[in-house]
Amino acid sequence: MASVALSEAEKVYIVHGVQEDLRVDGRGCEDYRCVEVETDVVSNTSGSARVKLGHTDILVGVKAEMGTPKLEKPNEGYLEFFVDCSASATPEFEGRGGDDLGTEIANTLYRIFNNKSSVDLKTLCISPREHCWILYVDVLLLECGGNLFDAISIAVKAALFNTRIPRVRVLEDEEGSKDIELSDDPYDCIRLSVENIPCIVTLCKIGYRHVVDATLQEEACSLASLLVSVTSKGVVTCMRKVGKGSLDPESIFEMMETGKRVGKVLHASLQSVLHKEESLGPKRQKVGFLG
Amino acid sequence: MLKSKTFLKKTRAGGVMKIVREHYLRDDIGCGAPGCATCGGAHEGPALEPQPQDPASSLCPQPHYLLPDTNVLLHQIDVLEDPAIRNVIVLQTVLQEVRNRSAPVYKRIRDVTNNQEKHFYTFTNEHHRETYVEQEQGENANDRNDRAIRVAAKWYNEHLKKMSADNQLQVIFITNDRKNKEKAIEEGIPAFTCEEYVKSLTANPELIDRLACLSEEENEIESGKIIFSEHLPLSKLQQGIKSGTYLQGTFRASRENYLEATVWIHGDNEENKEVILQGLKHLNRAIHEDIVAVELLAKSQWVAPSSVVLHDEGQNEEDVEKEEERERMLKTAVSEKMLKPTGRVVGIIKRNWRPYCGMLSKSDIKESRRHLFTPADKRIPRIRIETRQASTLEGRRIIVAIDGWPRNSRYPNGHFVRNLGDVGEKETETEVLLLEHDVPHQPFSQAVLSFLPKMPWSITEKDMKNREDLRHLCICSVDPPGCTDIDDALHCRELENGNLEVGVHIADVSHFIRPGNALDQESARRGTTVYLCEKRIDMVPELLSSNLCSLKCDVDRLAFSCIWEMNHNAEILKTKFTKSVINSKASLTYAEAQLRIDSANMNDDITTSLRGLNKLAKILKKGRIEKGALTLSSPEVRFHMDSETHDPIDLQTKELRETNSMVEEFMLLANISVAKKIHEEFSEHALLRKHPAPPPSNYEILVKAARSRNLEIKTDTAKSLAESLDRAESPTFPYLNTLLRILATRCMMQAVYFCSGMDNDFYHYGLASPIYTHFTSPIRRYADVIVHRLLAVAVGADCTYPELTDKHKLADICKNLNFRHKMAQYAQRASVAFHTQIPSLKIEDTVFHVFDKVKVKIMLDSSNLQHQKIRMSLVEPQIPGISIPTDTSNMDLNGPKKKKMKLGK
């Protein structure tokens, strides 16, 4: 992962600051940086979103394609994740440099979506055992400025909120052969319910305290952090520890509580922003990549 | 301003794709009205008139422009093409829809808009900032386009008002859609249906005839009785075809029987299958060449192809019962073996209607405006048209277009398009022939002619680059008399080492026709020169075909030469291809050349050269026949024309001289050599010609016919066929051998052009050559031009261009060439038929074996002016009830019957 080189003195300064609930950029331990979200930024996807979190810049595109359901889940569609760490984010990603990180993030995304409650996969089914929608979620890292997982999970949720899947009908004739008919109206489409899609809250253990939304510098001072995926109702769906340091059970418990609390607020503000954006309608002036 | 257009598309694999296109809106698109200050001069080319005076319409007396919607354009193109209709605004939306729905109409509308006098203006409303509309929620694509058209119409009216205060100019929206019209009027746009408008043009009553009758109410009056079952919608048909319940195929009506047709099933897994359709109801309004879906009937209902000739002569509409009786007549008892898969048409996938030539059969009822039209092509049903000028159209050749075929009508409805002229006039008939065979015959356009070299033309220094100077050689050309497009010349001389040098020099057409320009495109489209009895439809403009490319004697001409070094046994030692300059020393006819070879006292250079060629040609021919090349006979008929009237006064079968085959031999050799060379150089994109071996079943009639004379024809290889044909002689019937050869020709497959990268079977069966192409007639065949270009690149005499090495483009060219060649052949035959009145034989009889001698009485039957026929009545052998008694005025026809007789059950 992208990292910065910090001197010992700088590290001490950060650790001590956190101790006092005062971070380098003036935030408290449970404060997020300002999050910018814009959806529908890539017109040739089914849904897309761009999220900027400090210097972290993420673009997510969702592409709906028709395919066959998996054998074990004949009446469900599924999601596929792919994370591309572009070399423009950091030179370390050049060549195959970003592959490991990409796979790691994709695996995390698979894990947090791998439960019945997050997305209603049944709505993605067109005809059991034969046709379903596969949503290819492509994540592109444009810039790394710390707290990748949180930013990505917000972007994925926003992109899925924005996703519009064309409505198709399955016509069946007497012999049982099926044909798929596409609606003539491009506005006739289905949308996913994103109500229960969790967001990741990363809690970085710095010194004796933990912070949310760590910057690159803060990440460099942390030995271990905990990824908690929280739904809008505050339910923890998945948890993962990253980093080489260890965490004692007590602080894990504490961090989970913080995660739930912060997560609920994060969900609420994201939801309101998304609804507000949508209410502007298709005539909304898009910012896109010029902003 | 940038917008993006988004739409969904179903892919062939069944997936759904989202496609996004960038779309730019501009504000500098002109309205096309001259003198408009707001957008003055923002447009070029043909525009509207400032004050359109005509046509005076009683509905809107003030000057106006017309703005038709898509359906009006699609169905009423004949009206719009009329010179009386001018000042029409064609919207881009409309144009695009037309292009998607009908390519021929699109081409016609393009031609009209290019005509300065018509004052048609194409307005790119989709890119205009104020007239672009986006598809709204709950609106389908059609609704959106209708709205776009209305928005444009409204914009125009407001825009024209701005031009000047006292301006009365209006834009009138023409639509046949009732709802659309209502909406337009609501929005304040003056709108009429096409019919209303045309009828209001009091000065041009004849326009009403050209109006396609589509209004449904009118058809319902005809007769309430529904004759045909409904066509299924396309979506159902596609499902059915996928599941195999229905079969998709091309509908081919029978020439002989209007109640019968076959459908060629498209299928790649097996070779083409045929399904028979019998009876009006089963044909279900399909018209020749339509792509249809058929359903197979149960085996118990299968029928055999009938042997009865039936022409639709009925005038009355109500005799459907009689029809059924006739249908029953077809279903005579036949043996099980003769039964063929039988089906019925359930729906039409694609109509392939075109304007048809033919004649009007005037209705018996005086004052009636509805008349039946009988197309010249017997496979097309009669068409009902409405006209007030029936009496003037009687006895003329006219063109009619089909508009539709309602379920309750015995005949399709159509409308009058054009009057070609009197029946029997040679020009009219030639026009009919060319139109019916889709031969492009319009004079070359200015754009095409602009690419011709400027006269006076001479060979320049630049032309000599990469060219060999062969002007010193004693070259001569041998052609049929009266030939002006000489594309080949020959020479032969002895070399110092005792070997012979033989050269074939072909006109260098590719020097003049540069790839990609209008001249090239037009020649590619025409594909071939069509020779009719008294007319030649050139592939390239006359300046090239009869002058600059024609290898006339005593002038310097550019050529592409193929030069061999041979020994006296005609074995090729060396082959060389080069662009060259030649100066032909003599243009001979076959007869003149023969005379020179035969007369012992002539010993000039040309004669020795000819003798050398002749000697080699004989050896080459022998070798070719030993390899199994076929010599099939199709007696060519030649006409002696009266020089004044151009009427044929005499006809004779073409005499074959040694010199004919001499020229032919060397042309074959050149073609084969070139084919090898270009394939060697361009293994993936050489244009070659192949002739597939016919499947054994094709030979059945030949074998049977021969067996009836106790002769055996072997068909396992080309060689054994050739040999057994040579042996098939009958001492009592000397003409038999020729007849068998004619019959063998019929068994053959069609030779076709193809691209070497798209096929792996190159064999030319007829010539017994593993590889073959056409190189020797670039003036009259486009294939040769391509081959010339390939060869020029191969020998480094010319540069290549991207399309030349694109095998898909090449395959497209081949497809067009094959089609044009076939049509040209048919047109040629039809022309011969018109000039000789070769009759269609019609004999319902029992025990005639093919090639039996018969004696017949011949008379001209001109009761049907379109298909004058010679009636033959049987005189000998006598069969009671059919033959007529011998009488002294009988003419003897000792010649054989040319057509295979239809054997009655």
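Each value in this text was obtained by applying a stated rule to the coordinates, not by laboratory testing. The shown structure was predicted, so the numbers you read here are calculated from the model rather than taken from an experiment. Cβ sites come from the backbone with ideal geometry, for glycine too, and all protein chains shown count toward neighbours.
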Would you calculate the separation in nanometres between label points at B:Asn567 and A:Glu254, each defined as 7 Å from the Cα along the Cα-to-beta-carbon direction? 10.6
Expected integer from the mean partner chain Cβ neighbour count at 10 Å over A:271-281 is 0
Please give the FRET efficiency for B:Glu187 paired with B:Lys350, using the beta carbon to beta carbon distance and R0 = 45 Å, rounded to the nearest 0.05. 0.80
Within 10 Å, Cβ to Cβ, of B:Glu206, how many net charges do the neighbouring residues add up to if Lys/Arg are +1 and Asp/Glu are -1? 0
Of A:Lys52/A:Lys244; B:Lys281/B:Lys350; B:Lys10/B:Lys236; B:Lys719/B:Lys815, which ones are farther than 22 Å apart at the Cα? A:Lys52/A:Lys244; B:Lys719/B:Lys815
What is the distance, in nm, between label points placed 7 Å from the Cα along the Cα-to-Cβ direction at B:Lys535 and at B:Gln137? 6.2
Peptide B:17-29 - average C-beta neighbours from other chains (10 Å radius): 2
Ranked packing of B:746-752, B:141-147, most packed first, by mean Cβ within 10 Å: B:141-147, B:746-752
Kindly express, to the nearest 10 degrees and within the range 0 to 90, the angle between helix A:249-279's C-alpha long axis and the longest C-alpha principal axis of chain A. 50
Ratio of Rg to Rh over the stretch B:729-773 (Cα coordinates, Kirkwood Rh, two decimals): 1.21
Value of D in µm² per second that Stokes-Einstein yields for the stretch B:432-512, Kirkwood Rh from Cα pairs, at 37 °C (0.692 mPa s): 194
Report, as an integer, the average count of C-beta atoms from other chains found within 10 Å of each Cβ along A:179-188. 6
Classify the stretch A:46-165: rounded, prolate or oblate, from the alpha-carbon gyration tensor (a ≥ b ≥ c, eigenvalue square roots; a/c under 1.5 rounded; otherwise prolate if a/b is larger than b/c)? prolate
Taking only Cα atoms and a 10 Å spring cutoff, compute GNM fluctuations for chain A and point out the largest among A:His275, A:His131, A:His267. A:His275
Compute the Kirkwood hydrodynamic radius of the stretch B:669-770, taking the inverse of the mean of 1/r over all pairs of distinct Cα atoms, and give it in Å to one decimal. 15.2
Could you work out the helix-only [θ] at 222 nm for chain A, with each DSSP H run of four or more residues adding -39,500 (n - 2.57) and the total divided by the number of residues, to the nearest 500 deg cm²/dmol? -9000 deg cm²/dmol
Figure the gain on full extension for B:Thr202 and B:His23 (residue separation times 0.36 nm, minus the Cα-Cα span) and round it to one decimal in nm. 60.1 nm
Report the far tail of the P(r) of the stretch A:8-283, meaning the percent of Cα-Cα pairs longer than 30 Å. 34
State whether the stretch B:389-441 is rounded, prolate or oblate according to the following rule on the C-alpha gyration tensor (a ≥ b ≥ c being the square roots of its eigenvalues): a/c under 1.5 gives rounded; otherwise a/b larger than b/c gives prolate, and the remaining case gives oblate. oblate
Give the separation of the Cα centroids, the stretch B:369-438 to the stretch B:541-593, in Å. 48
Under a 10 Å cutoff between Cα atoms, tell me which one of A:Lys52, A:Lys122, A:Lys260 has the largest fluctuation in the Gaussian network model of chain A. A:Lys122
Going by average Cβ neighbours within 10 Å, how do the peptides A:181-188, B:151-158 rank, with the highest at the top? B:151-158, A:181-188
Starting from the Cα of B:Asn710, step 7 Å along the direction of its Cβ; do the same at A:His275; then give the gap between the two resulting points in nm. 10.4
Give the peptides A:219-226, B:705-712 in descending order of average Cβ contacts within 10 Å, highest first. A:219-226, B:705-712
Classified through the alpha carbon gyration tensor (a ≥ b ≥ c as square roots of its eigenvalues; rounded if a/c is under 1.5, else prolate when a/b is larger than b/c, else oblate), the stretch B:62-114 comes out prolate
